[in-house]
Amino acid sequence: MMKMTKQTRRDLITYGIVIVFYIVMQLLDLAGILSFHVKGLLVPLCYYAIAAVALNLVVGILGDLSLGHAGFMCIGAFSSSLFSVTLKDSGFPAGLRFFLALLIGTFFAALFGFLIGIPVLRLNGDYLAIVTLAFGEIIKNILAAVYFGYDEEGLHIAFKSFPLQGEGKMLINGAMGIQGTPTDSTFTIAVVILLLALFIVQNIVRSRTGRAIMSIRDNRIAAEAVGIQITKYKMTAFTISAAIAGTAGVLFSHNTTTLTATSTYFGYNVSILILVYVVLGGIGNIRGSVIATAILYILPEMLRGLSNYRMLIYAIVLIIIMLINWAPAAITFREKYGISAYLARRKENRTPVSDMGSGKGGS
Amino acid sequence: MKKKLMSVLLAAALVSSVLAGCGGAAPQASSEASASEESSGQAAFKIGGIGPTTGAAAIYGSDVRDAITIAVDEINAAGGINGYPIEYKFEDDEHNAEKAINAYNTLKDWGMQLLVGTVTSAPCIAVSEKTKEDNMFQLTPSGTAVNCVQYDNAFRVCFSDPNQGSASADYIAGNASLKDKKIAIIYDSSTEYSTGIHDSFVAKAGELSLDIVSDTSFTTDSATDFSVQLQTAKDAAAELLFLPIYYTEASLILQQADGMGYAPVFFGVDGMDGILGVENFDTSLAEGVYLLTPFSATADDELTVNFVKKFNDMTGHIPNQFGADAYDALYAIKAVAEAQNVTPDMSVSDICEAMKKGMVEIELTGVLTSPAAITWTAAGEPNKDPRAVIIENSEYVLAE
């Protein structure tokens with residue numbers, strides 16, 4: 001067998017889960033078992049997972065709390081939608097258009113991540129969380145108020161509605177947002193991007209940069225003392241995270257035709273929702289983020305049969321999962337009686353002198 | 001390695017079994033296999049509804065859901081549509097376009113043939129893309145944004161936003177006691193609904209040379225304190241305050257205006273309907289408020305009285321216009337389906353074609369306009385007269 005470090009193996013297992021999930025879904029689809037409902041959930045599932053992976057880079061690896069990631073999704077969504085809507089009827093090939101839209105959304109989100117990062121990353125802890133929250137809200141509110149369109153006299157941008165002269169089109173129509181984005185997002189593309197996001201984040205974590213970033217998380221003063229440029233590495237992590245969140249935004253906006261910058265889609269509640277995915281999956285545990293997103297996004301949809309009680313049950317399940325994951329008593333119980341402990345015991349019984357299987361981890 | 005591999009497989013199997021388990025008896029592929037009535041034995045029309053029953057806009061969705069239930073029960077009791085009963089299912093969308101599409105897909109799995117929904121605008125536009133793809137007939141009771149009915153398979157019962165704005169301006173200009181007043185506007189710049197009405201009102205007011213002296217806005221996130229906007233209006237000596245917003249915010253505006261001793265004439269649109277039902281709201285503040293609404297629960301014709309009574313018995317409150325819209329939507333579907341001889345064994349697409357054709361031919365006398373009738377244009381818009389209502393003695397009374 002090929003020689004692998006334990007970390008590489010962990011990474012490969014993460015890709016494996018995503019790929020197996022993808023194949024199973026495709027097979028079910030081919031077999032005709034998959035309902036419209038589940039099919040419709042697959043793409044949203046992927047972009048929230050991507051956003052959770054992005055946020056985990058900041059929260060888990062860099063150790064800073066960001067509550068503004070919905071804002072970066074918003075930027076990715078709007079910039080890419082603007083591009084796609086403009087080119088929609090020009091006969092531009094759809095595949096290439098979507099590819100460029102992905103690049104544009106990612107680029108602009110990264111740009112704003114960088115610009116916002118300059119003042120914001122001087123702060124730490126709670127202060128950083130509040131400022132990122134504010135920036136997310138600012139982005140959303142500006143995009144909800146802006147009017148942008150073209151007519152015979154050229155491009156116009158304003159904060160009040162204005163009449164178009166002659167031939168023209170309103171591209172961003174204030175609160176009505178962008179209408180008519182082509183629905184280019186497919187499950188396959190979303191999975192490829194999710195894998196890419198996982199690849200990027202997991203490799204950053206294993207790299208020299210990643211170790212520097214984690215050293216800032218673990219002890220800022222010590223990191224500074226050994227000559228690590230705090231600002232540089234914080235910026236790197238934050239910008240990459242914003243870029244990936246932007247890509248999630250592109251998938252979002254190309255999944256439904258209407259795009260409005262309202263709290264429902266890009267408010268701080270959404271940022272917190274993504275944070276919930278990250279926290280429940282395990283802070284710093286990239287694979288956990290993906291699995292937590294899958295479960296928590298699907299759950300309220302699966303509970304549709306319970307009508308109005310589903311939100312209550314969802315909340316209760318959140319609490320239960322949190323307790324099972326993090327309560328000390330639950331952790332001890334898992335270590336004693338969990339599947340990995342059981343397997344380890346079995347292994348021990350069979351070959352008494354072999355190495356002990358690790359009792360922790362394993363989601 | 002073996003252990004890890006096993007855990008991967010286990011996890012994947014777990015997730016996929018959860019997903020597949022919910023699939024249940026999914027009818028396959030959109031158009032041809034939609035006649036999935038085998039379960040109940042007898043053929044029935046499957047009508048789906050989508051709207052927010054949780055979250056901030058829950059009251060609208062719940063009213064629509066309940067009003068449809070009443071209409072469905074009535075129609076079934078009277079022998080159904082063309083002799084076939086209606087099966088009805090309502091899904092929550094939380095006033096979120098993404099969730100609305102999930103709800104739509106859920107209903108499609110259930111075998112929906114006709115859609116009454118969605119209740120709110122942004123989700124409605126998103127869902128209309130899907131119904132267009134599947135060629136499913138869609139009748140929204142209350143999706144007011146222009147684009148809700150941009151496709152030919154979609155119709156609406158309510159007025160469109162621009163329609164309400166210009167109708168309000170028309171009404172003010174045509175009313176001797178209102179037309180010379182200086183007008184101030186406070187609107188919600190973060191919702192399509194409010195900006196849509198605002199923009200068309202301002203445009204029409206310009207044409208009619210109404211005097212707008214102040215035009216201020218707020219967003220959903222700051223919808224609790226209106227003192228700045230009210231002060232601006234007061235400083236501009238505005239005598240009429242146009243409020244193209246929902247009643248929750250309007251009730252706050254009325255309270256705060258009263259608190260600062262400012263008493264202009266308040267003029268609202270259909271979103272103002274329901275202001276008397278706000279909890280802990282001093283209804284005496286709403287005396288003399290004008291609102292342009294498609295529905296008046298105090299109208300004394302037989303249809304309205306019957307509907308309002310049944311609704312009140314069921315839910316304990318008076319229906320707002322959303323409920324009335326939905327109630328009429330069901331009767332519109334019944335009228336069209338009977339005129340076109342639509343049966344449940346037809347495919348979704350065939351039903352849609354027949355409904356599209358029939359929709360522009362019917363005249364419906366519903367609770368909204370009774371005794372007058374509503375007709376529809378091929379563009380999906382209803383032709384009906386708005387009603388101006390004035391609040392007197394804590395009741396909505398038709399204004400002249």
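The values are calculated or read from the model by the stated rules, or taken from the named source; none is laboratory data. It should be emphasised that the depicted structure is a prediction, and the values quoted were computed from it without experimental measurement. Backbone-built Cβ (ideal geometry, glycine too); neighbour counts: all protein chains shown. All accessible areas refer to the heavy atoms of the entire protein, side chains included, with ligands and DNA or RNA removed. Shrake-Rupley method; radii C 1.70, N 1.55, O 1.52, S 1.80 Å.
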**Q.** Candidate set from segment B:79-104 (those that are assigned to a strand (DSSP E or B) and out of contact with any Leu (no Cβ under 7 Å at 6 or more places or on another chain)); member that is farthest from B:Ala335 (Cα to Cα)
**A.** B:Asp92
Q | Scan of segment A:154-171 for residues that are more than 11 Å from chain B (Cβ to nearest Cβ) and in a loop (DSSP other than H, G, I, E, B), ordered by number | A | A:Leu164, A:Gln165, A:Gly166, A:Glu167, A:Gly168
Q: Determine whether segment B:148-158 contains at least one residue that is assigned to a helix (DSSP H, G or I) and either within 19 Å of A:Ser161 (Cα to Cα) or more than 14 Å from every other protein chain (Cβ to nearest Cβ) (or both).
A: no
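Residues to consider are A:Phe238, A:Phe252; find the one that is buried (at least 22 other Cβ atoms within 10 Å of the Cβ) and within 14 Å of chain B (Cβ to nearest Cβ).
Numbers: A:Phe238 fails: within 14 Å of chain B (Cβ to nearest Cβ).
After applying the criteria, what remains is A:Phe252.
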Q. Given the structure, is A:Asn285 of a type in the set (S, T, N, Q) and away from chain B (no Cβ under 12 Å)?
A. yes
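Among the residues in segment A:55-63, are any open to solvent by 10 Å² or more (accessible area, probe 1.4 Å) and either touching a residue at least 24 places away in the same chain (Cβ under 8 Å) or under 29 Å from B:Leu107 (Cα atoms) (or both)?
So the first thing to find is which residues in segment A:55-63 are open to solvent by 10 Å² or more (accessible area, probe 1.4 Å), and the list is A:59, A:63.
Then keep just the ones that are either touching a residue at least 24 places away in the same chain (Cβ under 8 Å) or under 29 Å from B:Leu107 (Cα atoms) (or both); that gives A:59, A:63.
Among the residues of segment A:55-63, at least one is open to solvent by 10 Å² or more (accessible area, probe 1.4 Å) and either touching a residue at least 24 places away in the same chain (Cβ under 8 Å) or under 29 Å from B:Leu107 (Cα atoms) (or both), which makes the answer yes.
Of everything in segment A:172-183, what is within 21 Å of A:Lys88 (Cα to Cα) and open to solvent by less than 30 Å² (accessible area, probe 1.4 Å)? Give them in sequence order.
At the first step, the residues of segment A:172-183 found to be within 21 Å of A:Lys88 (Cα to Cα) are A:172-174, A:176-183.
Result: A:Ile172, A:Gly174, A:Gly177, A:Ile178, A:Gly180, A:Thr181, A:Pro182.
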Q.
Return the residues of segment B:321-343 that are open to solvent by 10 Å² or more (accessible area, probe 1.4 Å) and out of contact with any strand residue (DSSP E or B) (no Cβ under 9 Å at 6 or more places or on another chain); say none if nothing qualifies.
A. B:Ala339, B:Gln340, B:Asn341
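Scan segment A:135-171 for residues that are modelled with pLDDT of 80 or more and either polar (S, T, N, Q) or open to solvent by 80 Å² or more (accessible area, probe 1.4 Å) (or both) and jot them down.
So the first thing to find is which residues in segment A:135-171 are modelled with pLDDT of 80 or more, and the list is A:135-159, A:169-171.
Across segment A:135-171, the qualifying residues are A:Ile138, A:Asn141, A:Ile142, A:Tyr150, A:Glu152, A:Glu153, A:Leu155, A:Ile157, A:Phe159.
Residues in segment B:187-201: is at least one more than 20 Å from A:Thr264 (Cα to Cα) and away from chain A (no Cβ under 14 Å)? So that I can check it myself, show each step before the final result.
To start, the set of residues in segment B:187-201 that are more than 20 Å from A:Thr264 (Cα to Cα) comprises B:197-201.
Still in the running and away from chain A (no Cβ under 14 Å): none.
The answer is no; no qualifying residue exists.
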Q. Do we have any residue at all in segment B:63-76 that's touching a strand residue (DSSP E or B) at 6+ places or on another chain (Cβ under 7 Å), under 21 Å from A:Met302 (Cβ atoms) and not charged (D, E, K, R)?
A. no
Q. Does A:Ser84 satisfy the condition of being of a type in the set (Ser, Thr, Tyr), in contact with a His (Cβ under 8 Å, 6 or more places away or on another chain) and either farther than 17 Å from A:Thr247 by Cα or in a helix (DSSP H, G or I) (or both)?
A. yes
Q. Of (1) under 29 Å from B:Ala58 (Cα atoms); (2) away from chain A (no Cβ under 14 Å); (3) of a type in the set (Phe, Trp, Tyr), B:Tyr262 satisfies all except one. Which?
A. (1)
Q: Output yes when any residue across segment B:375-384 is open to solvent by less than 10 Å² (accessible area, probe 1.4 Å), over 25 Å from B:Lys130 (Cβ atoms) and in the same structural domain as B:Lys132 (by TED's automatic domain parsing), and no when none is.
A: no
Q) Residues in segment B:334-373 that are closer than 15 Å to B:Val116 by Cβ, assigned to a helix (DSSP H, G or I) and touching a residue at least 40 places away in the same chain (Cβ under 8 Å): how many? A) 7
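Condition check ((1) outside the structural domain of B:Ala378 (by TED's automatic domain parsing); (2) in contact with a Ser or Thr (Cβ under 9 Å, 6 or more places away or on another chain); (3) within 24 Å of B:Phe295 (Cβ to Cβ); (4) of a type in the set (A, V, I, L, M, F, W, C)) across all residues:
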site: B:His317; (1), (2), (3), (4): no, no, yes, no
site: B:Ala324; (1), (2), (3), (4): no, yes, yes, yes
site: B:Ala329; (1), (2), (3), (4): no, yes, yes, yes
site: B:Asn341; (1), (2), (3), (4): no, no, no, no
site: B:Ala354; (1), (2), (3), (4): no, no, no, yes
Q: Select from segment A:332-350 the residues that are open to solvent by 40 Å² or more (accessible area, probe 1.4 Å), of a type outside the set (D, E, K, R) and in contact (Cβ under 8 Å) with a residue 24 or more places away in the chain and list them in ascending order.
A: none
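Are any of the residues in segment B:34-42 within 14 Å of chain A (Cβ to nearest Cβ), modelled with pLDDT under 90 and within 20 Å of A:Leu34 (Cα to Cα)? Talk me through it step by step, then tell me what you get.
First pass over segment B:34-42, keeping only residues within 14 Å of chain A (Cβ to nearest Cβ): B:34, B:36.
After this cut, where a residue has to be modelled with pLDDT under 90 as well, the list is B:34, B:36.
Restricting the remaining residues to those that are within 20 Å of A:Leu34 (Cα to Cα) gives B:34, B:36.
Within segment B:34-42, one or more residues are within 14 Å of chain A (Cβ to nearest Cβ), modelled with pLDDT under 90 and within 20 Å of A:Leu34 (Cα to Cα).
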Q: Check segment B:318-326 and report whether any residue there is touching a Lys or Arg at 6+ places or on another chain (Cβ under 7 Å) and part of a loop (DSSP other than H, G, I, E, B).
A: no
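Is it the case that some residue within segment A:102-124 is out of contact with any helix residue (DSSP H, G or I) (no Cβ under 9 Å at 6 or more places or on another chain) and either buried (at least 22 other Cβ atoms within 10 Å of the Cβ) or not in a loop (DSSP other than H, G, I, E, B) (or both)? Give the steps one after another, and end with the answer.
Step one: filter segment A:102-124 for residues out of contact with any helix residue (DSSP H, G or I) (no Cβ under 9 Å at 6 or more places or on another chain), giving A:115.
After this cut, where a residue has to be either buried (at least 22 other Cβ atoms within 10 Å of the Cβ) or not in a loop (DSSP other than H, G, I, E, B) (or both) as well, the list is A:115.
The answer is yes, given that some residue of segment A:102-124 is out of contact with any helix residue (DSSP H, G or I) (no Cβ under 9 Å at 6 or more places or on another chain) and either buried (at least 22 other Cβ atoms within 10 Å of the Cβ) or not in a loop (DSSP other than H, G, I, E, B) (or both).
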Q. In segment B:103-124, is there at least one residue being in contact with a helix residue (DSSP H, G or I) (Cβ under 6 Å, 6 or more places away or on another chain), open to solvent by less than 30 Å² (accessible area, probe 1.4 Å), of a type outside the set (A, V, I, L, M) and closer than 30 Å to B:Val265 by Cα?
A. yes
